[in-house]
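Here's the structure we're looking at; comments come further down.
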Amino acid sequence: MKSVRRIAVIALQNFKESVRERVLYNLIVFALLLIGAAILFGRISVGVEQIILVNLGLSSISAFGLLMAIFIGISLVWKEIDRRTIYSILAKPVRRPEFIIGKYFGLVGTLLINTAIMTTGFYVALLYDKGRLELSDFRALGAVYMILLQLALVVGVALLFSCISTPILSAVFTLCVYVIGNFLNDIRWFGQETNSAWVEKLTTFLYYLLPNFGNFNVISRTAHGESVPGYLLLSNSLYTLLYLAILISAAILIFEEREFR
Amino acid sequence: MSNKSNASVEGRLARRICWVIVIGGFLSLFPIQQGIDRTEDAMGNVADALYLTSGQVLSRLSLGHEGLLADIYWTRVVQYVGLKRLSHSTNFDQLGPLLRLTTELDPHLLIAYRFGSIFLAEKPPGGAGQPEEALRLLRRGIVANPDYWRLWEDLGFIYYWDLKDYANAARVFQAGSERPGALVWMRVMAATVAAQGGETQTSRALWSEIYRHADNEQVRQSAIEHLAAIETQDQIEKLNQLLARYQKREGRAARSFHELVEAGYLADVPRDQTLGLALFGLLGVKAVADLTRGVSSKRSRYTVVLKSALYLAIGSLVVVGARVLGLDWAAELYMWSSQGDVDRGQYGRAYTNAVQAVGLRPGALQYWRTLAVAKLAQRQFESLLDDHLTFQFLDGGTLDEQDAYRFALCYFYLGEYDKALSITKHLIQQNRRYAAPYVLQGMTYSAQKKYADAELTFLDILQRYPTNQAAVEGLAQTYYLAGKRDLAIQLLDETAKYSFPPGARKRFEALKALYGR
């Protein structure tokens, strides 16, 4: 119980610290502007006004959320080490796993709030465009939830790299994992097409090893008014939880081994 | 101290040099940029290009945002078609690939199949004139969206309208009628098209159905325009049949409606019996509404005043029962609208307004002329030639020189050069001051590769009118085609001695650059 409280304190502190980042506000403002601009983009096209609004709105939430997750996530641990504040934290009765888990939840909380702000902006734009909101419009919340799962996974990857490397390298690695994670289906297909059992096994191994970010791509379907099926929400939630457990455990393992002098 | 003083002098000098560079640099940028612009103008527009041609590759590169990319490509399609129509270009090379990319990125973007197939199938200048490509697009759409019956409707429509393949149209309507949610109308259409493909009644039924179920204002407006055109086309056809029968029996063309009445072909001179005062009011109001479309917001105050005045005038006419006068006014308003539409490059609307004017006053030549101009602008050459007898009849047996010139133009564009030449020679013989037939004759000779005759014709008119831009361009083009490139450039150089408008000069320069390459 005490452990949970300590995690909560670290998470709250990290949340407060993240919220103070100016770059965060710039990104939110830019995302909101882009969502607002979706109304204008719809006007220069024919017959797809609402589809553009949903596509651009949700893509903005996803893309800017991704930028926030990467650029704040990569400095989560490194900043504490660089400023040497880690000594004062670890000198207190705080275990290293609690520190890592607290940091993670702090950033996820920040992303949750930011996504909520951008989603509100998206619905305001939709309301402006349509004049009123219908129940079917809230199907987009399924896509927003999938985006949040994706961001939670990205933060996990960034946290892991933050324990190993410098911010710049961590950003590069996280971005690479994200891009590869979007191409996993193609990588597996490539292995099957080579007609080499060895390559096929390797690509299949990579397919299951790396986080599959392609699982969360439901924006297009949502734009056409389809709702995200319940089994997809559930299975992706389980997938994310499991993968996050792996990532955070790996980060804790690395962090436990680090020596601070 | 001396070192400090030197450093201070050097600092000031450096600052001055920097200022000179900044100011001089900006001043020099201006002529350099102008030079670049001129060179680019002379080089012409860069051809449209698609750098990525695979939708699958683009989809993967989008990292899960393929829907957004599809929207962007669809917007690009809309802008592409819009720009081509504004520039009166008939080259729609990139339309098919752009639509393929759009639908590969988002196979469920139904609007891209539905509007895209219209853009592809419509004849130039309105569209690409590629009905086969439109069929391919719709077939892909049906595979991706098998339950969406409207795509079957569009497919049948293209078979019916653009390919005149009534058997396939009926088969497609029948197949579409079996899709979930398909309206009963599809089955009726399948039977009707199979039995009476190509008949006006069938076309009318198709457009009426589209009008009733259109969920887009542009489609609905298009259906109204087509229905109006079909209605007038019916009247024109009947009139042409009467005239042909008269000519066959009497051995000459009828000169007036009275002759037709006397010969027993008509019971009375047409007086628009079906149109009453109420109809006039409605038509007048619509014509006024059309008249002020596209007026800038700055002039909206005057527009409101003008509209109010016109509405008041129409209301007064209705009240006093000026039926005949009212119809004339409505026809006049449609004619003015049509002429304004031609000036603005809105040829589809110009055609519809001209058709309305002719429909109201089929016995008045000026409305037929307005319709002829609209048809020429839309490149409906065959349709205009179909009206030949009507013009002859309304012209009193002999065609007016401008009407005859329009028919010669139609023959020229249809490649019937001998017929075009026969008319231009006659026109030149009748009136040697009328320049247009000379130019057309020169162009016709040039198209027939009779370059010597073309040269003589152009020189003839240039002796009379040395500043006739079309003749200068025609002669230069003739020289160029005949392999006399130097003469072409020399001729364009000589235009410097004469007074030409700036637009013409710019064009001559562009031609010189082209011939010089």
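Bear in mind these aren't lab numbers, they're just calculated from the coordinates by the rules spelled out. No experiment lies behind these values; they were computed from the predicted model shown. Cβ placement follows ideal geometry from the backbone for every residue including glycine, while neighbour counts extend to all protein chains displayed.
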- Item | Average partner coverage of A:219-227, which counts Cβ from other chains inside 10 Å | 4
- Compute the Kirkwood hydrodynamic radius of the range A:53-178, taking the inverse of the mean of 1/r over all pairs of distinct Cα atoms, and give it in Å to one decimal. 15.9 Å
- Query: Cβ under 14 Å from residue B:501's Cβ, residue B:501 left aside: what net charge do those residues give with Lys, Arg +1 and Asp, Glu -1?
  - Reply: +1
- Query: Which pairs break 21 Å Cα to Cα here: B:450/B:497; B:123/B:238; B:84/B:375; B:238/B:375?
  - Reply: B:450/B:497; B:123/B:238
- How large is Rg over Rh for the range A:144-216, taking Rg from the Cα atoms and Rh as the Kirkwood inverse mean of 1/r across Cα pairs? 1.06
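If you build the Cα gyration tensor of the protein assembly as shown and take the root of 5 times each eigenvalue, what three semi-axes come out, in whole angstrom, biggest first? Please report the intermediate quantities before stating the final value.
On the way: eigenvalues 881, 284, 140 Å².
The three semi-axes for the protein assembly as shown are 66, 38, 26 Å.
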- For the range A:111-261, what log10 I(q)/I(0) values come out of the Debye formula at q = 0.19, 0.21 1/Å, with one point per alpha carbon and no solvent? -1.20, -1.31
- Message: Within 11 Å, Cβ to Cβ, of residue A:6, how many net charges do the neighbouring residues add up to if Lys/Arg are +1 and Asp/Glu are -1?
- Response: +3
- Message: Please report the spacing between the Cα centers of the range B:103-143 and the range A:145-170 in Å, no decimals.
- Response: 43 Å
- Count the net charge of all other residues whose Cβ sits under 12 Å from the Cβ of residue B:250, scoring Lys and Arg as +1 and Asp and Glu as -1. +3
- Per-residue mean of C-beta atoms belonging to partner chains within 10 Å, peptide A:61-68: 1
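Across the residues of A:40-47, average count of Cβ atoms on other protein chains within 10 Å? Mind dumping the intermediate values first?
Numbers: counts 0, 4, 2, 1, 4, 9, 11, 12.
Neighbouring Cβ atoms belonging to other protein chains average 5 per residue here.
Taking N as the number of residues in chain A, what is its alpha-carbon radius of gyration divided by 2.2 N^0.38 Å? Write down the numbers at each step before the final one.
Values: Rg = 20.0 Å, N = 261, 2.2 N^0.38 = 18.2 Å.
Cα Rg divided by the expected 2.2 N^0.38 Å: 1.10.
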- Message: I'd like the distance separating the alpha-carbon centroids of the range B:458-475 and the range B:56-92, in whole Å.
- Response: 43 Å
